[in-house]
Amino acid sequence: MTDYMEILIVDDMPDHIAYSGTLLKAEGYRVFAATSGKAVIRFLEGRIPDMILLDIQLGDTNGLELCKVIKSNPKTSTVPIIFLTSETSPEIISRSFELGGCDYVKKPFIKDEYLARIRTHLQIATQQRDLTNANNELNMFCSAVSHDLKAPFNIINMLIEMLRGELGENQEQGIYDIMDMIVSKATQTRIMIERLFEFSKMCNVKPKMQRINIKRIAVDTFNDLYALEKERKIEFVCGNLPIVYGDEVLIQIMLKNLIGNAIKYTSKRERAIIEISGSSDKTYNTIKIRDNGSGFDMTYSNKLFKVFQRLHSEDEFEGSGVGLALVNRIMERHGGLVEAYGEVGKGAEFSLLFPKKQHSE
């Protein structure tokens, strides 16, 4: 039994409302009724039910159009709607789902089936609501933790600098080396916290899709990162790249991780080479980022895109172990794929596959 769940019955036939309402009240639901589209809108302005049972044929409006209005309102968009209908047309049924209906019950309905469908969808809606609330609380927690933990690390760095000043220059080099290690580890931990926060947010980020000149972003990203390592010799080659459909901010984050990795893992090369190329087929626009760096053993490639899974030790290359997991999550949000290939000592190649079908949307 469900206590205090509220259900709005929308039907222009009073006898249908009376029969359905009697069944639902016997199950412990609170029942409200409306006989027109206008009455529904007025009701929803002051009260949001847990479910709406909506007749497709109403006197003043079409139930499908009313559903569209309800689902377009952020306050009522998540309310489950079950259509009550005598229609048997596949087109009508299909349209009811397209507009946001979660199910339909054919009139005249069978009591046990009717109640079972209502119970099921109320349970699903409750679970979805609980999950959304849990995600919101988790995001707030992550944000608070990220913010609160940054301060102690900044204080650590400040205290180390104060300690340097107090000690002066007449100290053993080992003392300064230890202080440098403390600062380095504090900085690495702060960066890891920031990356984890970015990764947690990626679950809820809704991409703002548009046509993207990915070559421009790739070149700008490389120039920004290379400016930090001007002493190195890096040959950067970026060919003609196809226009992709995606979120510019997320793609910038992704390319910063991939190009940053290419710069990092070629650091032991006297002449580093980073190449970006593109291709298209019927299904995907593909962007490939290749380098001649340290590479990796394909035996362990299944670990690449998991949080905190690294194929190189901290002594070889610094890192948080979050970057490639973030890349994978971003491509998932674009409905695409990321593939990796590498050989130890011969470099790595990452392929970003953006679906072409989205260009027509």
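Residue by residue, here is whether (1) modelled with pLDDT under 90; (2) surrounded by fewer than 17 Cβ atoms within 10 Å (Cβ to Cβ) holds:
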{"position": "Asn213", "(1), (2)": "no, yes"}
{"position": "Arg216", "(1), (2)": "no, yes"}
{"position": "Phe222", "(1), (2)": "no, no"}
{"position": "Leu225", "(1), (2)": "yes, no"}
{"position": "Arg232", "(1), (2)": "yes, yes"}
{"position": "Glu235", "(1), (2)": "no, yes"}
{"position": "Asn240", "(1), (2)": "no, yes"}
{"position": "Val244", "(1), (2)": "no, no"}
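Has the stretch 24-41 got any residue that is hydroxyl-bearing (Ser, Thr, Tyr) and assigned to a helix (DSSP H, G or I)? Checking the stretch 24-41: not a single residue is hydroxyl-bearing (Ser, Thr, Tyr) and assigned to a helix (DSSP H, G or I). Regarding the stretch 225-235, can at least one residue be identified that is touching a residue at least 40 places away in the same chain (Cβ under 8 Å) and of a type in the set (Phe, Trp, Tyr)? No.
Among residues of the stretch 1-21 being of a type outside the set (A, V, I, L, M), under 21 Å from Ile48 (Cα atoms) and open to solvent by 30 Å² or more (accessible area, probe 1.4 Å), the one that is farthest from the chain's Cα centre (by Cα) is Asp12. Looking only at residues that are among the hydrophobic types (A, V, I, L, M, F, W, C) and either farther than 23 Å from Lys346 by Cβ or part of a helix (DSSP H, G or I) (or both) in the stretch 291-308, which one is modelled with the highest pLDDT? Step by step, filter the stretch 291-308, then rank; the result is Met298. The set of residues in the stretch 110-136 being among the polar types (S, T, N, Q), under 23 Å from Val31 (Cβ atoms) and either open to solvent by 60 Å² or more (accessible area, probe 1.4 Å) or at pLDDT 90 or above (or both) consists of Thr120, Gln123, Gln127, Gln128.
Residues are listed down the side, and each one gets a yes or a no for (1) surrounded by 14 or more Cβ atoms within 10 Å (Cβ to Cβ); (2) modelled with pLDDT under 80; (3) among the polar types (S, T, N, Q); (4) part of a strand (DSSP E or B):
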position	(1), (2), (3), (4)
Arg310	yes, yes, no, no
Ser313	no, yes, yes, no
Ser320	yes, yes, yes, no
Ala325	yes, no, no, no
Arg329	yes, no, no, no
Tyr341	yes, no, no, yes
Ala348	yes, no, no, yes
Leu353	yes, no, no, yes
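Residue count for the stretch 137-166, restricted to those that are open to solvent by less than 80 Å² (accessible area, probe 1.4 Å) and at pLDDT below 80: 14.
If only residues of the stretch 50-91 that are in a strand (DSSP E or B) and among the polar types (S, T, N, Q) are counted, the one that is surrounded by the fewest Cβ atoms within 10 Å (Cβ to Cβ) is Asn62. Every condition in (1) out of contact with any Ser or Thr (no Cβ under 6 Å at 6 or more places or on another chain); (2) part of a strand (DSSP E or B); (3) surrounded by fewer than 21 Cβ atoms within 10 Å (Cβ to Cβ) is met by Lys288 except one, and the failing one is (1).
The values are calculated or read from the model by the stated rules, or taken from the named source; none is laboratory data. Small disclaimer: the values here were computed from a predicted structure and weren't measured. When we count neighbours, we look across all protein chains shown, and the Cβ atoms used for this are built from the backbone with ideal geometry, even at glycine. What goes into the accessible areas is simple: the full protein's heavy atoms, side chains included, and nothing from ligands, DNA or RNA. Shrake-Rupley method; radii C 1.70, N 1.55, O 1.52, S 1.80 Å.
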